[in-house]
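To keep things clear, I will list the structure first and then write my remarks on it.
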Amino acid sequence: MDRAQVLDQLPGLRRYARMLTGDRWAADDLVQDTLERACRKWLLWRSGTDLRAWLFTLMHNLYLNQRRGMAALQVLDLHDAAAELPAAVPTGHDTVLDLERCLQRLPADQRAVLLLVTVEDMAYAEVARVLQVPVGTVMSRLSRARARMRDWMEEASSARPAPPPSPQAGTPPALRRLK
């Protein structure tokens, strides 16, 4: 394993960890744990195979192990925490905030598939290898995740107040008299 090859994968690992955990600090810890495990188990990686898929597999398995550990400690699950987040404050970033909230509401298995396919641009077969599930399961989880995200985003957008009406085309704006 070449150091440069691993460094090339860092942006993708960080992006995936951030979206998977929903927390910058937890994501940084997950990336660091992934790299530590990769260093300890570098003999398990076969030269000529996909380093990216191997690193994402390590990260995904670490994430699942951490979630299991949190559940055993009865720590509030990220899925439940995201569902209890307050409504977005109206700003220009509402859609981004809504998207992040919706992502965190997804079950972990669906969120992982959605992120790997859409954000990391992995093929279904590669995602199946990373998550160690059949390709059909990847397609099913992706379909369910997209449907849920679409429904939640529609709910979020319909809950926002409508923008003020714009003047109709061709109608001059009303004039006010100032003293």
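The values are calculated or read from the model by the stated rules, or taken from the named source; none is laboratory data. Predicted model, so just to flag it, every value in this text is computed and none were measured. Note: ideal-geometry Cβ built from the backbone for every residue, glycine included; neighbour counts use all protein chains shown. Areas reflect the complete protein model, heavy atoms only, side chains present, ligands, DNA and RNA absent. Shrake-Rupley method; radii C 1.70, N 1.55, O 1.52, S 1.80 Å.
Here are the numbers for the structure shown:
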{"item": "Probe 1.4 Å, accessible area per residue of region 121-160, Å²", "result": "60"}
{"item": "Whole-Hz ³J(HN,Hα) from phi, Karplus 6.51 cos²θ - 1.76 cosθ + 1.60, for region 149-154, glycine and proline x", "result": "4, 4, 4, 5, 5, 5"}
{"item": "Under Karplus coefficients 6.51, -1.76 and 1.60, residue-wise ³J(HN,Hα) of region 105-117 in Hz, glycine/proline x", "result": "6, 5, x, 3, 5, 6, 4, 4, 5, 4, 5, 5, 6"}
{"item": "At R0 = 45 Å, FRET efficiency that the Cβ-Cβ distance of Thr49 and Arg144 yields, to 0.05", "result": "0.90"}
